[in-house]
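Comments concern the structure below.
The values are calculated or read from the model by the stated rules, or taken from the named source; none is laboratory data. Everything numeric here is computed off the predicted structure, so don't read it as measured data. A quick note on method: Cβ atoms are made from the backbone with ideal geometry, for glycine too, and the neighbour counts reach across all protein chains shown. The accessibility values were calculated without ligands, DNA or RNA, using every heavy atom of the protein model including side chains. Shrake-Rupley method; radii C 1.70, N 1.55, O 1.52, S 1.80 Å.
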Amino acid sequence: MSDIVTPTLDNLSEESRTFPPSDSFAAAANVTADAYREADADRLGFWAERARRLDWATPFEQVLDWSNAPFARWFADGRLNVAVNCLDRHVAAGLGDRVAFYFEGEPGDSRTITYRELTDDVCRAANALTDLGVRAGDRVAIYMPMIPETVVAMLACARLGAPHTVVFGGFSSEALATRILDCDAHVVITADGGWRRGSVAPLKPAVDDALAQCPDVDAVLVVRRTGNDVAWTEGRDHWWHETVDPASPHHDPEAFDAEHPLYVMYTSGTTGKPKGILHTSAGYLTGCSWTQYEVFDVKPESDVYWTAADIGWVTGHSYIVYGPLSNATTSVLYEGTPDFPDKDRWWSIIEKYRVSILYCAPTAIRTHMKWGHEYAARHDLSSLRVIGSVGEPINPEAYIWYRSHIGGDRTPVVDTWWQTETGSIMISPLPGVTAGKPGAAMTPLPGVSADVVDDDGNSVPNGSGGYLVLTEPWPSMLRTIWGDDDRYRETYWSRFPGRYFAGDGAKRDADGDIWLLGRVDDVMNVAGHRLSTTEIESALVANPKVAEAAVVGRADETTGQAVVAFVILRSEAGDGGPHVAAELRDWVANQIGKIARPAQIMVVAELPKTRSGKIMRRLLRDVAENRPVGDVTTLADTTVMETIRSGMASSANQED
Ligand code: WTA
């Protein structure tokens, strides 16, 4: 762990109103304050009860095995099938005609998919994947747009016990190849493309490029979504409509051990190499199923639930797919962007389907704020009754705007803190219990044990800041980093031995409630996406013109943070030419994906380094955020910061 900075407590607004639940909401809420008492009295018993909400082929006796900490085993002697829990059991309970998804395609094509139809499709896909050679334990990579087939593909893998790794469709072929190779997937599921702002965003070419580096992939299943031409490799490529559609809708599910791997989700860490976060079956499903029910107060028979996130991120996994489906919820699945064909698209979708629960990221809320509340005002949003936020700290202004302009000053706002690693929500208000406080994620959920500690690992008093840790294992926790147990132990369990180090700064306010203050490591959060400074630096130095690079995140009003890169060019590259900044920004987009494209690139002659040669990113952040540069006494050359700052001032903002 390098460059840990103590989080600051400034920049918190003066907003001091709190919003208690209405009496009627509290009276009908799924969960009351008793849940905290129950979990406090018997934490493992509490989780065992929640796990029993699932359908077990072999019930478990053992709740937690922590004897080989930090490698947890939950409910380990039980067996179940995750897909059966999301589908078949609901059909068997007479809910086959309930809508699982209202799919809204970007061009406006919509489809309604019932639980019965989804079950049949998943069985067809499971049969087709079996024919392509997929067996329990095999990894399958999924690189798809936001369409129903993506959900079908994931659940078909789950049904077969074949862990999926979904790679966000915005990632480059390089990033896709790295992930396929890291988890050794032999099958890839993709589409010809997806729709984005009225045009086709192709996907298949990136797969073809990636597979040039992945000789072990022997089958590619391709959904025809956009109808654009795609290159075809005979024998390897198979159309979904020719393979899955004609397959039998009957498939006998096998039950798997509770700890059978369910999926690997790659996320950025503090080194260049993304980490494959491994989630297993029963504990993960217990966590996302229970928290979806508890935090959003979901009434599956009447609510319409919408997580406006991409399935390629953990939020999509837990709160578009596994959580909602395990509870037989009706969800919206939307393919496109919030501003196509106009900036009111989200609000028109809410009106159209009478969405009652919305879950999205603060960056989206701030974008809507910037566009103006008149777009929301054009639509009837009175169906909403709970609205949630995830992915980054929600500033009080955005919280108040969200609550009043979207929630009609009526709906509870749940600010939910969690991570790819935690699998499900850990810290959040309960909408029927907690008085919401703008900007605070409030308290750990029942059954979750969190603390805020100082550098030495001591709990901080109210009114102080420190590092967020989780002090007890929880069912949906990551089990390891794929193929790298040492990195798992090192990254999460060594900073504060025996406790899970989240990498986030936090404070406890005077009431003891928790506020998240952002990352304390070299991970940035840009528009709710986790990006690693080192990963972008590695991409930059892979360019023949670049000798050295340092990347920092600077504060950005809309996206939370924006990427700023400082680069030293190789001498043979001269001054790099007039377009070097644009060229390097595109280079990063090609290497990693557009989300990683730096907002600004500064060509500098030197980087601030300590005498031992470590780049002092803290100082670069000061420059990028236009603050007086902090303590430079440990720099090898104290003049370097002045040179950089004067260069920075003269360089135009390159953001597009
Ligand atoms: C940040 C997304 C403040 C945090 C589910 C965490 C938040 C990282 C919140 C995980 C929140 C998430 N308030 N910060 N409510 N929720 N974060 O893995 O820095 O993509 O460590 O998971 O997002 O991002 P990830």
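What the table shows:
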quantity: Enumeration of residues in the stretch 437-450 that are out of contact with any helix residue (DSSP H, G or I) (no Cβ under 6 Å at 6 or more places or on another chain), buried (at least 21 other Cβ atoms within 10 Å of the Cβ) and not hydrophobic (A, V, I, L, M, F, W, C); calculated: Lys437, Pro444
quantity: Members of the stretch 54-68 that are assigned to a strand (DSSP E or B) and touching a residue at least 40 places away in the same chain (Cβ under 8 Å); calculated: Thr58, Leu64
quantity: Only listed residue being under 22 Å from the mean Cα position of the chain (by Cα), open to solvent by less than 10 Å² (accessible area, probe 1.4 Å) and away from the ligand (no atom under 11 Å from the Cβ), chosen from Val552, Val546; calculated: Val552
quantity: Qualifying residue in the stretch 622-632 (condition: under 29 Å from Thr363 (Cα atoms), part of a loop (DSSP other than H, G, I, E, B), touching a residue at least 60 places away in the same chain (Cβ under 8 Å) and open to solvent by less than 20 Å² (accessible area, probe 1.4 Å)); calculated: no
quantity: Only listed residue being of a type outside the set (Ser, Thr, Tyr) and open to solvent by 60 Å² or more (accessible area, probe 1.4 Å), chosen from Ala72, Ala92, Ala76; calculated: Ala92
quantity: Qualifying residue in the stretch 445-454 (condition: more than 28 Å from Ala28 (Cα to Cα), within 24 Å of the chain's Cα centre (by Cα) and among the charged types (D, E, K, R)); calculated: yes
quantity: Residue that is farthest from the ligand (Cβ to nearest atom), among those in the stretch 480-495 that are in contact with a helix residue (DSSP H, G or I) (Cβ under 8 Å, 6 or more places away or on another chain) and not polar (S, T, N, Q); calculated: Gly483
quantity: Criterion: of a type outside the set (Lys, Arg), open to solvent by 50 Å² or more (accessible area, probe 1.4 Å) and within 30 Å of the chain's Cα centre (by Cα) - qualifying residue of Glu572, Glu642, Glu606, Glu583; calculated: Glu583
quantity: Residue that is touching a residue at least 12 places away in the same chain (Cβ under 8 Å) and in contact with a Cys (Cβ under 7 Å, 6 or more places away or on another chain), where the choices are Tyr305, Tyr322, Tyr334, Tyr353; calculated: Tyr322
quantity: Given (1) surrounded by fewer than 21 Cβ atoms within 10 Å (Cβ to Cβ); (2) more than 16 Å from the ligand (Cβ to nearest atom); (3) over 27 Å from Ser464 (Cβ atoms), number of the condition Gly498 does not satisfy; calculated: (3)
quantity: Top-ranked residue in the stretch 409-430 [being more than 15 Å from the chain's Cα centre (by Cα) and more than 8 Å from the ligand (Cβ to nearest atom); ranked as surrounded by the most Cβ atoms within 10 Å (Cβ to Cβ)]; calculated: Pro412
quantity: Among the candidates Val166, Val200, Val230, residue that is of a type in the set (Val, Ile, Thr), touching an Asp or Glu at 6+ places or on another chain (Cβ under 6 Å) and under 24 Å from Gly105 (Cα atoms); calculated: Val230
quantity: Answer from Leu129, Leu118 - the residue that is over 20 Å from the mean Cα position of the chain (by Cα), touching a residue at least 12 places away in the same chain (Cβ under 8 Å) and under 16 Å from Ala191 (Cα atoms); calculated: Leu129
quantity: Unique match (being of a type in the set (Gly, Ala, Ser) and either more than 19 Å from the chain's Cα centre (by Cα) or modelled with pLDDT of 95 or more (or both)) among Gly161, Gly170; calculated: Gly161
quantity: Filter result (more than 24 Å from Val63 (Cβ to Cβ), open to solvent by 10 Å² or more (accessible area, probe 1.4 Å) and not charged (D, E, K, R)) within the stretch 458-495; calculated: Asn458, Ser459, Val460, Pro461, Asn462, Gly463, Ser464, Gly465, Trp482, Gly483, Thr491, Ser494
quantity: Of the criteria (1) part of a loop (DSSP other than H, G, I, E, B); (2) within 13 Å of the ligand (Cβ to nearest atom); (3) open to solvent by less than 20 Å² (accessible area, probe 1.4 Å), which one Ala398 fails; calculated: (1)
quantity: The stretch 166-185 residues that are touching a residue at least 60 places away in the same chain (Cβ under 8 Å) and surrounded by fewer than 24 Cβ atoms within 10 Å (Cβ to Cβ), paired with ones that are part of a helix (DSSP H, G or I) and of a type in the set (A, V, I, L, M) (beta carbon under 6 Å, 6 or more apart); calculated: Gly170/Ile595
quantity: Residues within the stretch 83-102 that are part of a helix (DSSP H, G or I) and acidic (Asp, Glu), tallied; calculated: 1
quantity: Verdict on Thr420 being closer than 27 Å to Lys352 by Cβ and touching a strand residue (DSSP E or B) at 6+ places or on another chain (Cβ under 8 Å); calculated: no
quantity: Some residue of the stretch 633-655 being polar (S, T, N, Q), in a loop (DSSP other than H, G, I, E, B) and within 21 Å of Asn543 (Cβ to Cβ); calculated: yes
quantity: Tally, over the stretch 192-206, of residues that are open to solvent by 20 Å² or more (accessible area, probe 1.4 Å), without any contact (Cβ under 8 Å) to a residue 40 or more places away in the chain and in contact with a Lys or Arg (Cβ under 8 Å, 6 or more places away or on another chain); calculated: 0
quantity: Pair list, Cβ under 8 Å, 6 or more apart: the stretch 9-30 residue on the phi < 0 side of the Ramachandran plot and modelled with pLDDT of 90 or more, other residue loosely packed, with under 13 Cβ neighbours inside 10 Å and outside any loop (DSSP other than H, G, I, E, B); calculated: none
